[in-house]
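Quick notes on the structure that follows.
The values are calculated or read from the model by the stated rules, or taken from the named source; none is laboratory data. All values derive from a computational prediction rather than experimental measurement. So basically every Cβ, Gly included, is an ideal-geometry build from the backbone, and we count neighbours across all protein chains shown. Heavy atoms of the whole protein, side chains included, go into the accessibility calculation; ligands, DNA and RNA do not. Shrake-Rupley method; radii C 1.70, N 1.55, O 1.52, S 1.80 Å.
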Amino acid sequence: DVLGVPSSRVSDVHGISDGLSTARPSFASGARTPRGGAMHFEEGDVVWTPSTKHGFRTSTIVSIQNDSYIVETRDDDNPAAGGQSTVRRDEVRPFFDYGPEKTWADNTAMVHLDDANILDNIRRRYHRDEIYTYTANVLLAVNPYKSLPGMYSQEKVGEYRNKSLGSMPPHPYSIADTAYRHLLRQRQNQALVISGESGAGKTETAKVTMHYLTQVSRTDAAVGGQIQERIINSNPILESFGNASTVRNQNSSRFGKYNEMFFNPVGSLMYAGIRTYLLESSRVVQQQQGERNFHVFYEMLAGLNEEYLEETLQLDASGYYRLLHGGGAPRLVPGSPEALREKRKFEELTKAMGSFVSPEEHKEFWELVAALIHLGEVQFMEIGGGASGGGGGDCTPVRQRGSLSMSPLEGSPTSQATTEA
């Protein structure tokens, strides 16, 4: 996560460039740097060695060979996995014992700054619900997959306001506040780049930073409230129509997003914009095994009232539909926790849509979504002469659920549809 710079705009795509100096790590006893810069260890030194389960684990060097070390490893979780093994010199990392309780809010304060020691520090902090860690002016986050009370409260906003980066515990609010202050002082645009693998928490972090910026900006209450409401309400819409459940993440963004927030010279939020790109449109018609289509399909089935769903849209909330369940996603069971969750999400979606379109226009969206579900139930069979024959190769639907009607194109042979019993 890194922040760049240039006049009155904060773009959200995360981290911040703040001019903090980076501490140069020193070496602990047992780890020396000979000529050539390669780390050198001796017999008896405790080091980090690769582990397929944990990334790295502590080991003791028992013998030194030309290009490798023989190490003794103890695995408390699985004693059978311990014992001696040979590791290449370039796979070994220095170990410094800080004690069982010590962690660092900034990785650059550690004696050794490498992948093994950074991972160990982040892991220790994670187990203490300290999910954020700095590396100089870069903020690292680990998704806790649970709610952390008070982490993003209004009181927390006040604590981080006008505070220098590093003077408070690591938090996205500190990154956002630094960007906002640089915006006003330097009169240059600020860019927040949020990156990470699927499920890391990019979407949530973007919402957290945007919420902070709308709270601290010197905006007229009425105007600021309206802009803030639209910014906040855009997220449920984007998530429903652009996010899906994958094998790694139940709320994975299947598109790229570039958020822009525009401020006047005194720091008042004037307006905001969102640009989306690279939507995974192929997911509409096909999903990998164990994955789902976009959230809106399931939310609509669970949230719409039964009469409108069945009589107008000709859909069954608990029915099986190829576009929705082709990847193995289970059907909705009315009254189940999953169905209730989808219904709550649908209520959030319709409320958010109310900031942009009227309730009557909502129906146009549901009709389009329903039409896609119905089209997914249509299968085609080639009849006539085919591509090489003279019959034109007509395609006739042979299976259709509900009352979806089909009309032939002008000048083409009439298509016939049969409704599945």
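Which pairs break 29 Å Cα to Cα here: Lys146/Lys351; Lys156/Lys351; Lys53/Lys202; Lys53/Lys156; Lys202/Lys343? Don't jump to the answer; show the numbers that get you there.
Numbers: Lys146/Lys351 25 Å; Lys156/Lys351 27 Å; Lys53/Lys202 25 Å; Lys53/Lys156 36 Å; Lys202/Lys343 24 Å.
Going by Cα-Cα distance, Lys53/Lys156 fall outside the 29 Å limit.
Once a ≥ b ≥ c are taken as the square roots of the eigenvalues of the Cα gyration tensor of the range 261-327, is the result rounded (a/c under 1.5), prolate (a/b larger than b/c) or oblate (a/b not larger than b/c)? Mind showing how you got there, number by number?
On the way: a/c = 4.28, a/b = 1.88, b/c = 2.27.
Here the range 261-327 falls in the oblate category.
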Rounded FRET efficiency, nearest 0.05, which uses the C-beta distance separating Ile232 from Glu197 and R0 of 25 Å | 0.45
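If you count only protein heavy atoms with a 1.4 Å probe, what accessible area per residue comes out for the range 243-350, rounded to a whole Å²?
On the way: 5620 Å² over 108 residues.
Normalised by residue count, the accessible surface of the range 243-350 is 52 Å².
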Residues other than Thr246 with Cβ under 12 Å of its Cβ, Lys/Arg counted +1 and Asp/Glu -1, net out at +1
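If I take R0 = 60 Å and measure r between the Cβ atoms of Ser268 and Asn66 in this structure, what FRET efficiency does the formula 1/(1 + (r/R0)^6) give, to the nearest 0.05?
Working: r = 66 Å, r/R0 = 1.11.
It comes to 0.35.
Could you list the chymotrypsin sites (Phe, Trp or Tyr not before Pro) in the range 306-336 that lie in coil according to DSSP, counting only those with at most 15 other Cβ atoms within 10 Å of their Cβ?
Details: sites: Tyr308, Tyr320, Tyr321; in loops: Tyr320, Tyr321.
Filter output for the range 306-336: Tyr320.
Can you compute the FRET efficiency between Glu367 and Tyr145 using 1/(1 + (r/R0)^6), with r the Cβ-Cβ distance and R0 = 45 Å? Round to the nearest 0.05. Working shown, then result.
On the way: r = 36 Å, r/R0 = 0.80.
Efficiency, from the Cβ-Cβ distance: 0.80.
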Identify the GluC sites (Glu not before Pro) of the range 185-259 meeting these criteria: DSSP loop state and at most 14 other C-beta atoms within 10 Å of the C-beta.
-> Glu197
Within the range 62-136, GluC sites (Glu not before Pro) in DSSP loop having at most 16 other beta-carbon neighbours inside 10 Å = Glu101
Distance in Å, no decimals, from the C-alpha centre of the range 107-135 to the one of the range 152-176 is 19
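Which net charge results when you count Lys and Arg as +1 and Asp and Glu as -1 among the other residues whose beta-carbon is under 14 Å from that of Val46? Mind dumping the intermediate values first?
On the way: positive: Arg57, Arg74, Arg93; negative: Glu42, Glu43, Asp45, Glu72, Asp97, Asp120.
Spelling it out: positives minus negatives among the neighbours equals -3.
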Gln65 neighbourhood, Cβ < 14 Å, K/R = +1, D/E = -1, net charge -3
